[in-house]
Amino acid sequence: MAHRFRGKIVVVTGASSGIGRAAAHEFARQGATLVLVARSHDSLEAAAAECRALGAEAVAIPTDVADEHQVQDLVGTVTSRYGRIDVFVGNAALFVYGLFEQTPTEAFKRVVDTNLYGHLYAVTALLPHWKQRGEGTYVLVGSIQSLLSAPYQSAYVTSKHAALGLVDVLGDEFAGTGIRFAALLPSTIDTPIYQNGANYTGKTSHPLPPTVSVERAGRAVVKTALHPKRYRFVGRIQASLVPLQYALPGLFHRITKPMVQTFALRGKGAPTDGNLWTPADAGNATNGGWVAKRRRVTRSVTWLGAIAVLGAVVLGRSRR
């Protein structure tokens, strides 16, 4: 097996579950020395143990990336211990389901503090170190919703759009240098974010199909770190919606809300703050079990549902 990151110091935030944990496993297989970061303790230590079992050196440093001082301490601790940071994967994120009017202002701000300011604080702390060395790679793990609208996700979409804008600008400003900024834009990935996230809709949240395996997303993170590019997508079907939003905006924005209501919000559920304020240590895992559930639903049912949503939109338009 190629060990393309042997001797490299890689920091992964949001490493206690989901894409971050899967990416940590893949970096470990590639020989990286890993610093795993999340607010949690037990699940983060478990992730580090998994990486050590794969033959990598890995340490866990509990950190809330929404706290600027904690991020500064993280970067200082890693550079003091290892002398450098080669790759920083900004993956930590919080998620909220709820119409804008259902979403408490403090919950909205908490999402933005993590999903946007977490990157701002990290880059601010990293740049002096990277400018002195003349190199460094920042991988933003964004979302397909960094480019697309998504009803019921105003806080998440706002934060993801803004974070991508920040990394886009940094990519321009540092073009031609050894400091590189890249964005990975996953579609719906099989992670526990839907079980762990806040939800104020009164419905139970589900990922919007099709769901892509978290291992595939983890490999894409490593590929992006190895070959940085402005945008790298994971999940072709949802990525195909990006040009649709601009080519046929009327159609795109008519189908998004019915699609979310049909596929992503089903069954009654009590409103919850999820893991906004307290990490969901017990609920953290690499995957959310959604791919296994998806296999029990035939593709024909999914397509019939999509056709029904589209038909309802068209019928509603014809009656105006």
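The values are calculated or read from the model by the stated rules, or taken from the named source; none is laboratory data. All of these numbers come straight from a predicted model, not from anything done at the bench. Don't worry about glycine lacking a Cβ; one is built from the backbone with ideal geometry, like all the others, and counts go over all protein chains shown. Note: accessible area is taken over every heavy atom of the protein model, side chains too, but ligands, DNA and RNA are not part of it. Shrake-Rupley method; radii C 1.70, N 1.55, O 1.52, S 1.80 Å.
Does residue 37 fit the bill of being open to solvent by less than 30 Å² (accessible area, probe 1.4 Å), in contact (Cβ under 8 Å) with a residue 40 or more places away in the chain and outside any loop (DSSP other than H, G, I, E, B)? Considered against the rule, which asks whether it is open to solvent by less than 30 Å² (accessible area, probe 1.4 Å), in contact (Cβ under 8 Å) with a residue 40 or more places away in the chain and outside any loop (DSSP other than H, G, I, E, B), residue 37 comes out as yes. Considering the conditions (1) over 22 Å from residue 143 (Cα atoms); (2) free of Cβ contacts under 8 Å to residues at least 60 places away in the same chain; (3) polar (S, T, N, Q), residue 115 is excluded by exactly one of them, (1). Contact annotation: residue pairs with Cβ atoms under 6 Å, 6 or more positions apart or on different chains, pairing a residue in region 176-188 that is in contact (Cβ under 8 Å) with a residue 60 or more places away in the chain with a partner that is of a type in the set (A, V, I, L, M, F, W, C) and surrounded by 23 or more Cβ atoms within 10 Å (Cβ to Cβ), are 186/217; 186/234.
Just checking, how many residues over region 245-286 are among the aliphatic types (A, V, I, L, M), over 23 Å from the mean Cα position of the chain (by Cα) and surrounded by 17 or more Cβ atoms within 10 Å (Cβ to Cβ)?
Of region 245-286, the ones among the aliphatic types (A, V, I, L, M) are 247-248, 251, 255, 259-260, 264-265, 270, 276, 280, 282, 285.
Imposing the further condition that a residue be over 23 Å from the mean Cα position of the chain (by Cα) reduces the set to 247-248, 251, 255, 270.
The next check asks that each one be surrounded by 17 or more Cβ atoms within 10 Å (Cβ to Cβ); those that pass are 255.
Residues in region 245-286 being among the aliphatic types (A, V, I, L, M), over 23 Å from the mean Cα position of the chain (by Cα) and surrounded by 17 or more Cβ atoms within 10 Å (Cβ to Cβ): 1 in total.
For the structure I just gave you, tell me whether residue 26 is closer than 26 Å to residue 3 by Cα, among the acidic types (Asp, Glu) and open to solvent by less than 40 Å² (accessible area, probe 1.4 Å). Criteria met by residue 26. When we screen 106, 135 for residues that are surrounded by fewer than 21 Cβ atoms within 10 Å (Cβ to Cβ), in contact (Cβ under 8 Å) with a residue 12 or more places away in the chain, out of contact with any helix residue (DSSP H, G or I) (no Cβ under 9 Å at 6 or more places or on another chain) and of a type in the set (D, E, K, R), the only hit is 135. State whether the residues of region 185-205 include one that is open to solvent by 30 Å² or more (accessible area, probe 1.4 Å), over 18 Å from residue 257 (Cα atoms) and not hydroxyl-bearing (Ser, Thr, Tyr). Taking every residue of region 185-205 in turn, at least one turns out to be open to solvent by 30 Å² or more (accessible area, probe 1.4 Å), over 18 Å from residue 257 (Cα atoms) and not hydroxyl-bearing (Ser, Thr, Tyr).
Beta carbons closer than 7 Å, at least 6 apart along the sequence or on distinct chains, pair a first residue in region 147-160 that is over 22 Å from residue 251 (Cβ atoms) with a second that is part of a helix (DSSP H, G or I) and open to solvent by 10 Å² or more (accessible area, probe 1.4 Å) for 155/108; 155/112; 156/145; 158/112; 159/112; 160/145.
Name the residue that is surrounded by the most Cβ atoms within 10 Å (Cβ to Cβ), counting only residues in region 1-23 that are of a type in the set (S, T, N, Q) and either farther than 22 Å from residue 142 by Cα or touching a strand residue (DSSP E or B) at 6+ places or on another chain (Cβ under 7 Å) (or both). Walk me through it before giving the result.
Step one: of region 1-23, the residues of a type in the set (S, T, N, Q) are 13, 16-17.
Narrowing further to those that are either farther than 22 Å from residue 142 by Cα or touching a strand residue (DSSP E or B) at 6+ places or on another chain (Cβ under 7 Å) (or both): 13, 16.
Numbers: 13: 27, 16: 32.
My answer is 16.
Sub-7 Å Cβ pairs linking a first residue in region 66-87 that is open to solvent by less than 70 Å² (accessible area, probe 1.4 Å) to a second residue that is small (Gly, Ala, Ser), at least 6 apart or interchain, are 66/118; 71/122; 71/125; 75/125; 85/136; 86/136; 87/225, ordered by first then second residue.
The numbered conditions (1) open to solvent by less than 40 Å² (accessible area, probe 1.4 Å); (2) farther than 22 Å from residue 275 by Cα; (3) out of contact with any Gly (no Cβ under 7 Å at 6 or more places or on another chain); (4) not in a loop (DSSP other than H, G, I, E, B) are all true for residue 111 except (2).
With respect to the conditions (1) closer than 30 Å to residue 66 by Cα; (2) modelled with pLDDT under 90, residue 246 lacks only one, and its number is (1). At pLDDT 95 or above and either touching a His at 6+ places or on another chain (Cβ under 7 Å) or closer than 19 Å to residue 17 by Cα (or both), is that true of residue 66? Judged against the criteria, residue 66 is a match.
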